[in-house]
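Notes follow once the structure below has been shown.
The values are calculated or read from the model by the stated rules, or taken from the named source; none is laboratory data. Please read these numbers as outputs of a predicted model, since none were measured by experiment. Positions of Cβ are backbone-derived with ideal geometry, glycine not excepted, and every protein chain shown enters the neighbour counts.
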Amino acid sequence: MANNPPHVVILPSPGMGHLIPLAEFAKLLTTNYGVNVTFLTLDDSPQIKSFINALPDTITYIPLPIPDLPPTEIAVKRMILIVAHCLPFLREVMAKLKASTNLVAFVVDLMGTKTFEVAKELGVSPYIMFPSTATFLNLIFHLPELDRTIQGEYKDHPHLIQIPGSAPIHGKDFPMPFLQDRKSQAYISSFQICVRFKEAAGIFINSASAIESGPIKALMNMNSPPVYPIGPLVHDTNSEDDSSGCIKWLDEQLPGSVLFVSFGSGGRLSSEQFTELAVGLEMRGHRFLWIARSPTETEERGFFEVKSKSDPLLFLPDGFLERTKEIGLVVDSWAPQLAILKHAAIGGFLTHCGWNSSLESIVHSVPMIAWPLYAEQNMNAAMLAGELKIAIRPVVDEKRGLIGRDEISKVVRELMEGEEGKKLRIHVKRIAENAIKEDSYRSLDPIVNIWKNNIST
Ligand code: UDP
């Protein structure tokens, strides 16, 4: 087997935000390095299926069985249960591949470290492809120390928290919900997952020095595990259709005139917030393309439900679509985001700051309005608006627990028409150029060399 091309098994945890960057990583390995890849999935949503069908034939795809869980389970816990459930099936697939191929590596994302036990049993080196920021990874490696030295909840900590290499951060911007309630099971489980990161033979991160030089340097100076920045990896759009009609509509708009509004693959707003957003957009009167998902109260919270069960357009204020038909398009749940961000008509992106969305916006030089909802999105928003200066962060009305219509209208004007927007546009263009020039994926060269020469890590 040792003379066969190296073979790598990749297993993303559930959710498009994990699957997309790991699939891009798989493509990079097969296309640029001639490595064979088996891509496993733990998700059966229609969006995942059509995405997988569009992958090149060089990647072998195997869906693993997923358990039937109550839909109310919170996202982190759900992912942990799904990953734990897959172990026997994973063992079977990996054992077969070990016997029939030159299996050199097993790659999971941030939620998958429990599966390391299977890789170790079979003598296969386990790796992590971290689909988020170096800043978050740096936090993960310092979590045991923070847990030891900070009393009470991080969000109540009176000072900015300094993690070497990263910009100082407010505890309230730590990932939520899992690092925001230290007594919860989600915190304990996430902590256990994070502690296992140091067992990885290597960690690939979807970032580049042009975006996060400080934390990347700090991570690369750690003795172990070795960290390889390989971003920005964003998926290409060749296979995207335009059944949503977005691209056709954008073709009719002037360059840089449209604000794109989307909250990722699972982000939902409360009904009140949904209404404020609609009214704020209408008040400003700027052109917009909004990928809307039904409000949280109208169906169970669905990180895993890419498509709304009920029609989100029914929750818009009365007459909204008619009144805004000359300036806006509202689309139900899903659209080809990459093709949209690439389109010349897009001048700004109101985003939930998921890391894939943030990178896609950076790569296409689109400045942002940072509107984080959950997970590590607050940290991302702090970085995009703070160190990088490529986003405006609207002020939350703490009394109402939402962003009000006037604030929405104000930040849309600032981004799309104001001086601030012009500055952000210049910054994002510069960062994009530098990040693309960096070709950071070449940091994979030595590791693929090790795999090809069958040197153990
Ligand atoms: N996405 C898309 N169409 C949509 C919503 C999302 O293509 O209507 C893609 C988006 O381009 C990105 C991914 O789904 O690649 C979402 O990942 P991200 O990390 O931004 O957020 P998450 O969905 O994990 O919260």
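When region 342-367 is examined, which residues are found to be within 12 Å of the ligand (Cβ to nearest atom) and under 18 Å from Arg284 (Cα atoms)? If the condition is that a residue be within 12 Å of the ligand (Cβ to nearest atom) and under 18 Å from Arg284 (Cα atoms), then Phe349, Thr351 are the ones that fit. Selection of region 57-88 for residues being small (Gly, Ala, Ser) and either part of a loop (DSSP other than H, G, I, E, B) or surrounded by 15 or more Cβ atoms within 10 Å (Cβ to Cβ) (or both) yields only Ala75.
Contact annotation: residue pairs with Cβ atoms under 6 Å, 6 or more positions apart or on different chains, pairing a residue in region 144-168 that is assigned by TED's automatic domain parsing to the domain that holds Ala218 with a partner that is among the acidic types (Asp, Glu), are Ala167/Glu387. Consider Val234 carefully, then state whether it is within 16 Å of the ligand (Cβ to nearest atom), assigned to a loop (DSSP other than H, G, I, E, B), of a type in the set (Val, Ile, Thr) and surrounded by 15 or more Cβ atoms within 10 Å (Cβ to Cβ). Considered against the rule, which asks whether it is within 16 Å of the ligand (Cβ to nearest atom), assigned to a loop (DSSP other than H, G, I, E, B), of a type in the set (Val, Ile, Thr) and surrounded by 15 or more Cβ atoms within 10 Å (Cβ to Cβ), Val234 comes out as yes. When Ala335, Ala339 are checked against the criterion of being part of a loop (DSSP other than H, G, I, E, B), within 16 Å of the ligand (Cβ to nearest atom) and aliphatic (A, V, I, L, M), a single residue qualifies: Ala335. For region 196-228, residues that are over 21 Å from Pro126 (Cβ atoms), surrounded by fewer than 24 Cβ atoms within 10 Å (Cβ to Cβ) and either among the hydrophobic types (A, V, I, L, M, F, W, C) or outside the structural domain of Thr113 (by TED's automatic domain parsing) (or both) total 2. The single residue among Ala75, Ala26 that is closer than 23 Å to Pro177 by Cβ and either touching a Ser or Thr at 6+ places or on another chain (Cβ under 8 Å) or in the same structural domain as Pro126 (by TED's automatic domain parsing) (or both) turns out to be Ala75.
Quick grid of which residues meet (1) outside the structural domain of Met129 (by TED's automatic domain parsing); (2) among the β-branched types (Val, Ile, Thr); (3) not in a helix (DSSP H, G or I):
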| site | (1), (2), (3) |
| --- | --- |
| Leu384 | yes, no, no |
| Lys389 | yes, no, yes |
| Val395 | yes, yes, yes |
| Lys399 | yes, no, yes |
| Glu407 | yes, no, no |
| Val412 | yes, yes, no |
| Glu420 | yes, no, no |
| Ser443 | no, no, no |
| Val448 | no, yes, no |
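Scanning region 271-327 for residues that are modelled with pLDDT under 95, assigned to a loop (DSSP other than H, G, I, E, B) and not basic (Lys, Arg) gives Ser294, Pro295, Glu299, Glu300, Gly302, Phe303, Phe304, Glu305, Val306, Ser308, Ser310, Asp311. Residues that are in contact with a Gly (Cβ under 7 Å, 6 or more places away or on another chain) and either of a type in the set (Lys, Arg) or at pLDDT below 95 (or both) within region 132-184 comprise just one, Lys155.
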